[in-house]
Amino acid sequence: MNRRLFLATLPAPLLAQPRWANNPTVKAGFADTDITPEIGMEQPGGYGKVFHKSIHDPCKARVAVFDDGVKKCAVVGLDALIVPRHLVVAARKEITAKTGIPGEAVLINASHSHSSGPIGMVQPGEFDQAPELIRKLGYEKSSMADPKYLKLVHQRIVEGVVKAHDSRAELVCGVGLGHEDKAAYNRRLRMTNGRTFTHPGQHNPNVIKYAGPIDPEVGVVGAFDKSGKLAGCIVNYANHATTSPGGISANWIQYLEKAIRGFYGEQAVVVFIQGTCGDLTQVDNLSPYQNPAGEEWSQIVGGRVGAESVRVLLSMHRGRLAPIDYAVKTLHIPRRKPSAARVKEAYSLVAKDPQAVGVTEWTFAKETVMLDYLVQREPKAEVEVQAIQVGPAVFVSNPAEYFVEFGLEIKAKSNFKYTFPAELSNGCVGYVPTEEALSPSGGGYETRLTYYSNLTPTAGREIALAGIQLANSLKPGDEPKAPQAKPGTPWGYGSVPAEVE
């Protein structure tokens with residue numbers, strides 16, 4: 001049949017303008033800015049110095065701003081390993097001055113890309129007052145932020161928020177959940193010796209099972225114009241950004257963006273907010289098959305999460321996401337202290353050649369010496385917990401590499417149907433494992449006591465309780481719903497008896 005003739009026979013509602021064309025709107029704006037580091041700058045993610053030699057794809061600061069006419073908020077996703085607290089404080093101050101968005105209503109999250117720019121770990125000036133040996137260990141032997149790069153990131157965060165704020169328009173928005181359980185795996189496994197190993201290796205006969213769960217939810221907030229064009233979206237998913245396709249890169253988040261833009265167009269800004277993935281990566285230690293190379297792995301993880309995000313965007317009901325609200329609580333959590341005997345041994349080891357004592361042993365001895373200095377100077381860590389509400393959705397943030405069990409608990413106990421945990425936000429306090437992981441049956445990489453990771457065993461519980469309390473101090477907004485269908489009449493072509501001759 002002629003297509004035009006066939007369409008003319010369809011019931012009128014199937015040919016009408018988009019269902020959401022006349023729905024209530026909220027003001028929203030999106031922007032991204034370039035934070036790609038220079039070749040030759042440090043590549044963060046380890047305990048020593050590694051330098052970038054090539055560029056694979058750009059790193060970005062990705063921004064969404066929402067305004068319900070009463071309050072405004074900004075959600076910023078950085079293609080970065082971490083986001084230092086001092087950078088957050090400074091950027092928020094300038095954002096407030098230029099947009100009126102309160103600092104407490106600005107969430108700045110790091111994707112934890114291990115192929116990004118030199119934003120951590122040691123910060124410039126951090127060891128200026130330390131003894132010479134510790135200054136040398138911090139500045140010359142450790143991964144360190146670059147002052148020039150920190151200045152660039154600060155500038156581009158502010159530029160992005162201002163641009164998104166100034167571009168606010170009446171948009172129809174929606175929120176939804178997807179499911180992706182083949183992109184992330186728990187990297188901690190129970191062993192026959194009664195303990196837990198991180199990445200015990202494939203085909204290890206001493207593995208019993210995974211030591212923890214994953215979080216397969218793909219949380220998505222989308223904002224569209226009346227014609228259905230996607231202005232931007234926020235995607236929340238929990239998985240380390242360690243696929244590392246080669247060179248400077250947003251890591252697998254680049255392919256998340258490609259998948260969404262491939263369907264909705266290059267104008268769509270994709271803001272990625274990292275979930276609670278302290279013990280999750282793309283590596284399936286129980287798989288019998290060889291792992292993909294970095295480029296293919298990036299495509300697999302980003303493509304799968306991106307494809308699921310598109311499915312959610314296509315299906316979500318669209319309307320007004322309100323109210324906009326926020327709540328913040330700052331905790332001061334004690335650090336774990338290395339024993340005097342351990343510190344003494346560490347000083348002895350760092351005085352020797354790393355090759356002579358073993359690079360791993362030397363590295364963690366270095367971390368012990370630096371931690372001993374840190375504990376004397378700052379016995380407690382500042383830990384900001386934040387809840388940012390966008391209608392029926394809430395982002396619950398913390399500055400840790402936070403174990404997934406805590407994120408799942410926050411979701412289960414939140415009054416919000418759409419609860420999106422956001423780790424490594426508004427600062428960085430290193431790994432925060434469960435108390436069980438720090439018990440005799442635990443162990444593994446994430447539990448090592450270092451300059452980077454050192455909060456007391458109850459820290460994760462304190463952070464979770466604070467996040468739940470903050471989320472539940474806010475009242476979920478109404479979820480957009482599709483317009484109700486009007487009673488219709490049978491389609492003339494379809495309301496006929498079967499014909500057999």
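Of all residues in the range 27-58, exactly one satisfies the criterion of being of a type in the set (S, T, N, Q) and either on the phi > 0 side of the Ramachandran plot or more than 20 Å from the chain's Cα centre (by Cα) (or both), namely Ser54. All conditions in (1) under 30 Å from Trp252 (Cα atoms); (2) under 24 Å from the mean Cα position of the chain (by Cα); (3) basic (Lys, Arg) hold for Arg318, with the sole exception of (2). With respect to Ile101, is the statement that it is among the β-branched types (Val, Ile, Thr) and either surrounded by fewer than 20 Cβ atoms within 10 Å (Cβ to Cβ) or under 27 Å from His240 (Cβ atoms) (or both) true? Spelling it out, it is not the case that Ile101 is among the β-branched types (Val, Ile, Thr) and either surrounded by fewer than 20 Cβ atoms within 10 Å (Cβ to Cβ) or under 27 Å from His240 (Cβ atoms) (or both).
Of all residues in the range 297-325, those that are out of contact with any Cys (no Cβ under 8 Å at 6 or more places or on another chain) and in a helix (DSSP H, G or I) total 17.
Within 18 Å of the chain's Cα centre (by Cα) and in a strand (DSSP E or B) - does that describe any residue in the range 153-169? So far as the range 153-169 goes, no, none of its residues is within 18 Å of the chain's Cα centre (by Cα) and in a strand (DSSP E or B).
Determine whether Lys337 is among the charged types (D, E, K, R), at pLDDT 95 or above and closer than 27 Å to Gly427 by Cα. In short, yes. Scanning the range 111-137 for residues that are under 30 Å from Phe272 (Cα atoms), in contact (Cβ under 8 Å) with a residue 40 or more places away in the chain and part of a loop (DSSP other than H, G, I, E, B) turns up Ser111, His112, His114, Ser115, Ser116, Gly117, Pro118, Ile119, Gly120, Met121. If I filter the range 325-334 for residues that are touching a Phe, Trp or Tyr at 6+ places or on another chain (Cβ under 9 Å), under 28 Å from Cys428 (Cβ atoms) and of a type in the set (A, V, I, L, M), do I get at least one hit? Among the residues of the range 325-334, not one is touching a Phe, Trp or Tyr at 6+ places or on another chain (Cβ under 9 Å), under 28 Å from Cys428 (Cβ atoms) and of a type in the set (A, V, I, L, M), which makes the answer no. For the range 254-305, a residue qualifies if it is among the small types (Gly, Ala, Ser), crowded, with 19+ Cβ neighbours inside 10 Å and either touching a His at 6+ places or on another chain (Cβ under 7 Å) or within 26 Å of Gln202 (Cβ to Cβ) (or both), and the qualifying residues are Gly275, Gly278, Gly294, Ser298, Gly302. So which residues in the range 225-262 are in contact with a helix residue (DSSP H, G or I) (Cβ under 9 Å, 6 or more places away or on another chain) and aliphatic (A, V, I, L, M)? Listed by number, the residues that qualify are Leu230, Val235, Ala238, Ala241, Ala250, Ile253, Leu256, Ala259, Ile260.
Residue pairs whose Cβ atoms lie under 9 Å apart, separated by 6 or more positions or on different chains, with the first residue in the range 152-166 and closer than 12 Å to Asp32 by Cα and the second aromatic (Phe, Trp, Tyr) and buried (at least 20 other Cβ atoms within 10 Å of the Cβ), are Lys163/Phe30; Ala164/Phe30. The residue that is farthest from Gly46 (Cα to Cα), counting only those in the range 473-489 that are in contact with a Lys or Arg (Cβ under 9 Å, 6 or more places away or on another chain) and surrounded by fewer than 17 Cβ atoms within 10 Å (Cβ to Cβ), is Pro483. Consider Tyr139 carefully, then state whether it is buried (at least 16 other Cβ atoms within 10 Å of the Cβ), modelled with pLDDT of 95 or more and either among the aliphatic types (A, V, I, L, M) or under 26 Å from Val235 (Cβ atoms) (or both). Answer is no for this residue. When the range 324-347 is filtered for residues that are among the hydroxyl-bearing types (Ser, Thr, Tyr), closer than 20 Å to Val89 by Cα and surrounded by fewer than 20 Cβ atoms within 10 Å (Cβ to Cβ), only Thr330 remains. Does the range 490-501 include one or more residues that are without any contact (Cβ under 8 Å) to a residue 24 or more places away in the chain and crowded, with 18+ Cβ neighbours inside 10 Å? Within the range 490-501, not a single residue is without any contact (Cβ under 8 Å) to a residue 24 or more places away in the chain and crowded, with 18+ Cβ neighbours inside 10 Å.
In the range 316-340, the residues that are in contact (Cβ under 8 Å) with a residue 12 or more places away in the chain form Cβ pairs under 9 Å with partners that are assigned to a strand (DSSP E or B) and among the aromatic types (Phe, Trp, Tyr), at six or more places apart or across chains, as follows: Arg318/Phe224; Leu321/Phe66; Ala322/Phe66; Ile324/Phe66. Restricting the range 144-195 to residues that are under 22 Å from Ile95 (Cα atoms) and among the small types (Gly, Ala, Ser) leaves a set whose member that is surrounded by the fewest Cβ atoms within 10 Å (Cβ to Cβ) is Ala169.
Quick check on the range 330-337. Is at least one of its residues under 31 Å from the mean Cα position of the chain (by Cα) and assigned to a loop (DSSP other than H, G, I, E, B)?
Yes; the residues of the range 330-337 include at least one that is under 31 Å from the mean Cα position of the chain (by Cα) and assigned to a loop (DSSP other than H, G, I, E, B).
Residues that are among the aromatic types (Phe, Trp, Tyr) and either touching a strand residue (DSSP E or B) at 6+ places or on another chain (Cβ under 7 Å) or on the phi > 0 side of the Ramachandran plot (or both) within the range 360-402 comprise Phe395, Tyr402, listed in sequence order.
The values are calculated or read from the model by the stated rules, or taken from the named source; none is laboratory data. The shown structure was predicted, so the numbers you read here are calculated from the model rather than taken from an experiment. With ideal geometry, Cβ positions are generated from the backbone for all residues, glycine too; neighbour counts draw on all protein chains shown.
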